[in-house]
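Comments concern the structure below.
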Amino acid sequence: MDEHVDRIMGVLEPHGAHLVATPGGAGWLHVQQVPARRLVAQLVRKLLALSAWEPFATAPGPMALAPYEGLVGVRSSSSREYRSYTVSWSGVAFVLGAAAPHNPLRSAPLRALPAPDAAVAAPVVAGDLSSDVVALSWSSRHAATLLPVLDVLARDGRRSLLIDLATDAAERSPVPDSEDVGLFSPPAGLFGLSGAVEGLRSTDSAVVRVKEHTVLLDRLLRLLSVLLETSGGCTQPSWHSVVEAEAWLDDVLTAARPHTLLVSNDTSPLGALAVHAAEGRGISTVHVQHGAWTAESVAWPALHSRHIVVMGERDVALANAWARHPHAEVHVLGQPRFDGLAHLEPEAQRRYLARLMASTAGREPERIAVWACQPFGPDRLRAQANLLMDGLRGADGDWGLVIAPHPAQSADAFSALPRQNDGLLVAVANPKVGARGCFAGADALASAYSTCGIEAALLNVPVLEIGAAGERTLGLADHGLASRCTSAEEVADVLSALARPGQPVALTVPDAVCRWRGSSAADIAHLILGRAGTAARPAPVHHDAPGADRTQAQGEGVRAR
């Protein structure tokens, strides 16, 4: 499927990428590549399913549309904000050439979706906006990754401005501790704009083949126009929102005059847009990896920043392959979010888990596993829940399960997961606590690819990488940092071994996955100032920040080119 998607996007680039661009020169396909690729992937998945369907394989022929069925719709997801667009079977027929005189572009459920909530304005930075660094965040994970770096810069007297673009109240950044770190937000309603995109039309008769199917690119553009015309908040802004966001960011950069733009996502629409704007001004761009990477973990394998900070040695090859900047450099400096792990209190987190189990399930089990979830669709969530619960039921010892929602996940996504009257003790953690707030007190952590798996491994909490065979994980098992479990029996075996008296805890050496010295924030701050050129003041960042490892060289990591 990935090969077909790559080929379609490669053909779409010369066919239609030039049709629409922002006033600053950012093309629509560059900015909206991630949502566009995801919709194309949905189309390809259905075309491959059609090819594999025996009646069609036996007697292939043209498809008919269901009258009045929308061509583009939305799939069910446990994410609070992100819209999972899909192509209906009528949409498939449309891109293959069928006439659609009575079919709207958008399905009825898509037309009925409300506009995202308007962003709540953050405290406005009073007076002079000038800053050494401007950082961008639109999720709680971004803020947790970037704020430690900004705090180190502030201790050295450097001013920063954190632009909080979140449209989900739960994803907003906390108010920074330092007065030298300002918090700024765009005008309310910026990401609630919608409307037709003039110019995204093509009369070219170009086509691309997917097995025996011929996809008409001008019709594919019609489907993709739905993504640009509807607003999905900060994660999937409409084209009108992108244009307005560019103008607003341009004003902020003009007022702030930073030497560096700091991001932890430069692939999604707002990140790609911001880096494009910064590079056009000659501003240094630094990307800090905020989540684990695998070859299959991104919709678009592209990193646009000049400097790419990765967590561990295994990420270097991927960063090199994905780097798009002609002078990109890769630096292995760990994860600032993990600097404070050594200061966690496992006993306090254990008390939280015990109280939660007692209040929800009626008693505290001897051992507690935490499931760090991701915002999957309901079917995949149910499959993982069944795998875990069946494994817990078959394991030796007295086990209970705490389900920890992902920060972007709806709390009600788990209301139907625990099965009644099956004897298993199950509780759901407060979404504000999440896995990060309780895994250190657990006897085991289970997840498909939550970054909490890396954090747990760093603290020697046993990790189970769960999911059906072939499903992607963080690959921690490949480094001896986790147990790969594809069945309930394998889950039961791992948990039974952990329940045996005197079971030794293996001390891990996780540098390949994450360089952990307690000084990642300071090292990244040092990199920022070292690469800022003449715009940076000469005084160096102090490396005696709390938790810094002064026995470790403060080098700049691994160069990509």
Query raised in the report: Looking at segment 47-71, which of the residues that are at pLDDT 90 or above and of a type in the set (Gly, Ala, Ser) is farthest from the chain's Cα centre (by Cα)?
Result: Ala66
Report task. Check off (1) over 22 Å from Ala206 (Cβ atoms); (2) open to solvent by 20 Å² or more (accessible area, probe 1.4 Å); (3) assigned to a helix (DSSP H, G or I) for Val11 and give me the number that stays unchecked. Result -> (1)
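On the given criteria, is Asp390 closer than 15 Å to Val491 by Cβ, among the charged types (D, E, K, R) and not in a helix (DSSP H, G or I)? Full working, then the answer.
Numbers: closer than 15 Å to Val491 by Cβ: yes; among the charged types (D, E, K, R): yes; not in a helix (DSSP H, G or I): no.
Here the answer is no, as Asp390 does not meet what is asked.
Residues in segment 432-470 that are among the basic types (Lys, Arg) and either in a loop (DSSP other than H, G, I, E, B) or over 19 Å from Arg141 (Cα atoms) (or both): how many?
Residues meeting the conditions: 1.
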Requested in this report: Can you tell me which residue within segment 471-511, out of those that are hydrophobic (A, V, I, L, M, F, W, C) and modelled with pLDDT under 90, is least open to solvent (accessible area, probe 1.4 Å)?
Outcome: Leu474
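If you go through segment 185-207, how many residues are at positive phi and crowded, with 18+ Cβ neighbours inside 10 Å?
Residues of segment 185-207 at positive phi: 189, 195, 199.
Next, from what is left, pick out any that are crowded, with 18+ Cβ neighbours inside 10 Å: none.
Residues meeting the conditions: 0.
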Query raised in the report: Condition test on Glu171, is it closer than 23 Å to Gly340 by Cα and over 21 Å from the mean Cα position of the chain (by Cα)?
Result: no
Query raised in the report: Is segment 257-266 home to any residue that is open to solvent by 20 Å² or more (accessible area, probe 1.4 Å) and at pLDDT 95 or above?
Result: yes
Query raised in the report: List pairs: first in segment 12-25 and closer than 16 Å to Val242 by Cα, second in a loop (DSSP other than H, G, I, E, B) and open to solvent by less than 20 Å² (accessible area, probe 1.4 Å), Cβ under 7 Å, 6+ apart or cross-chain?
Result: Leu19/Leu200; Val20/Val197; Val20/Leu200
Report task. Considering only segment 465-482, state which residues are within 21 Å of the chain's Cα centre (by Cα) and farther than 17 Å from Phe338 by Cα. Result -> Glu465, Ile466, Gly467, Gly470, Glu471, Arg472, Thr473, Gly475
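Looking only at segment 257-275, how many residues end up being part of a helix (DSSP H, G or I) and without any contact (Cβ under 8 Å) to a residue 40 or more places away in the chain?
The qualifying residues number 1.
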**Report entry** Condition met for Val428 (surrounded by fewer than 22 Cβ atoms within 10 Å (Cβ to Cβ), of a type in the set (A, V, I, L, M, F, W, C), touching a Phe, Trp or Tyr at 6+ places or on another chain (Cβ under 8 Å) and at pLDDT 85 or above)
**Finding:** yes
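If we keep just the residues of segment 517-527 that are under 20 Å from Val286 (Cβ atoms) and part of a loop (DSSP other than H, G, I, E, B), which is least open to solvent (accessible area, probe 1.4 Å)?
Initially, segment 517-527 is screened for residues under 20 Å from Val286 (Cβ atoms), giving 517, 519-527.
Subset that is part of a loop (DSSP other than H, G, I, E, B): 517, 519.
Numbers: Arg517: 61, Ser519: 3 Å².
Within segment 517-527, the match that is least open to solvent (accessible area, probe 1.4 Å) is Ser519.
The values are calculated or read from the model by the stated rules, or taken from the named source; none is laboratory data. Because the structure is predicted, anything quoted here is derived from the model rather than measured. Every residue, glycine as well, gets a Cβ built from its backbone with ideal geometry; the counts of neighbours run over all protein chains shown. Each accessible area value is taken on the protein alone, full model and side chains, heavy atoms only, with ligands, DNA and RNA left out. Shrake-Rupley method; radii C 1.70, N 1.55, O 1.52, S 1.80 Å.
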